[in-house]
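Presented below is the structure to which this report refers.
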Amino acid sequence: MIRASGMLGAVAMILAAAAVWAGIPPAAQAATAAPAPFSIQAKVLQVGRGWVQVQVLKVTAGTLKVNARLRILETAKTRYLRAGQAASAKDLKVGETVEVVGTVVRSGKTTTYQATTVSIVR
């Protein structure tokens with residue numbers, strides 16, 4: 001019994017070494033792309049705790065598509081503005097137009113949209 005488990009351990013070590021030699025990254029190191037900036041003008045569809053769902057009206061930076069529906073996440077550094085003055089997430093209302101500047105973060109199959117600044121336009 002001890003011999004069999006010892007052989008299995010040796011086989012596992014050989015396979016792991018072969019994977020490293022072949023340049024295969026470990027599963028724990030999922031591919032994460034560098035955050036990409038975006039800037040959009042959008043209509044607020046839904047407001048939740050820590051997020052807002054929007055429909056993109058205009059793309060001013062980045063590769064997002066017009067009419068795309070996105071869930072924009074709030075971070076600890078997200079700033080809210082209305083007419084250049086400080087505002088809060090509570091000031092967001094469904095139907096309003098907002099300008100959102102933030103980053104697209106891709107990690108494996110997951111894509112998140114994180115807001116840096118949300119400006120309420122009207």
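The values are calculated or read from the model by the stated rules, or taken from the named source; none is laboratory data. Every value quoted in this text rests on a predicted model; they were computed, and no experiment measured them. Glycine also receives a Cβ, built like all others from the backbone with ideal geometry; neighbour counts cover every protein chain displayed.
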Point to revise | Complete set of residues in region 94-112 that are at pLDDT 95 or above and either under 17 Å from Arg122 (Cβ atoms) or among the charged types (D, E, K, R) (or both) | key: Val94, Gly95, Glu96, Thr97, Val98, Glu99, Val100
Check your understanding: Which of the residues spanning region 88-122 are more than 19 Å from the chain's Cα centre (by Cα) and closer than 15 Å to Ala34 by Cβ?
Key -> none
Practice item. Could you please let me know if Pro26 is in a strand (DSSP E or B) and at pLDDT below 95? Key: no
